[in-house]
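Just so it is clear, none of the values below were taken in a lab; they were calculated from the coordinates. Keep in mind that this is a model prediction, so the values were computed, not measured. We place every Cβ from the backbone using ideal geometry, glycine too, and count neighbours over all the protein chains shown.
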């Protein structure tokens with residue numbers, strides 16, 4: 001248990017930051033799921049539109065430190081590869 005005022009404040013800040021990060025992670029997962037659902041349905045136009053919306057959201061999460069930069073790049077790369085394969 002935190003004893004000093006600064007440690008108590010740090011605990012409060014960590015709790016608030018965890019809430020923000022959890023919400024942001026959940027938001028990104030929702031966007032990724034929408035892209036995957038569009039891919040599963042076979043609609044390339046919808047998949048491309050969903051990817052265009054998801055990509056900046058993933059990048060924003062990486063910029064805020066919710067995801068690692070390379071993880072975000074890998075997710076975008078793999079999703080775009082799958083979307084591109086729909087047209088082929």
Notebook entry, point to check: In nm, to one decimal, how far is the residue 29 label point from the residue 7 one, both placed 7 Å along Cα→Cβ?
Noted result: 3.2 nm
Item checked: Two-site FRET efficiency, residue 49 against residue 71, from Cβ-Cβ distance with R₀ of 25 Å, rounded to 0.05 -> 0.60
Check: For residue 37 and residue 14 in one chain, what is 0.36 nm times their gap in residues minus the Cα-Cα distance, to one decimal in nm?
Finding: 4.9 nm
Checklist line | Neighbour-count ranking [beta-carbon atoms within 10 angstrom, fewest first] of 34, 9 | finding: 9, 34
Margin query: Taking the 0 to 90 degree range and rounding to the nearest ten, how far is the long axis of helix 69-87 tilted relative to the main principal axis of the chain, both from C-alpha atoms?
Written below: 20 degrees
Margin query: If the elastic network links every pair of Cα atoms under 10 Å, which of 52, 25, 12 fluctuates the most in the Gaussian network model of the chain?
Written below: 12
Next item on the list: Could you work out how far helix 5-41 tilts from the main Cα principal axis of the chain, as a 0 to 90 degree angle to the nearest 10?
Entry: 10 degrees
Notebook entry, point to check: What span do the alpha-carbon atoms of the chain cover on each of the three principal axes, reported in whole Å from largest to smallest?
Noted result: 62, 21, 17
Notebook entry, point to check: Pairing the Cα long axis of helix 44-63 with the longest principal axis of the chain, what angle in degrees results, from 0 to 90 and rounded to the nearest 10?
Noted result: 20 degrees
Notebook entry, point to check: Over the chain, what relative contact order in percent results from Cα pairs under 8 Å that are six or more residues apart?
Noted result: 28 percent
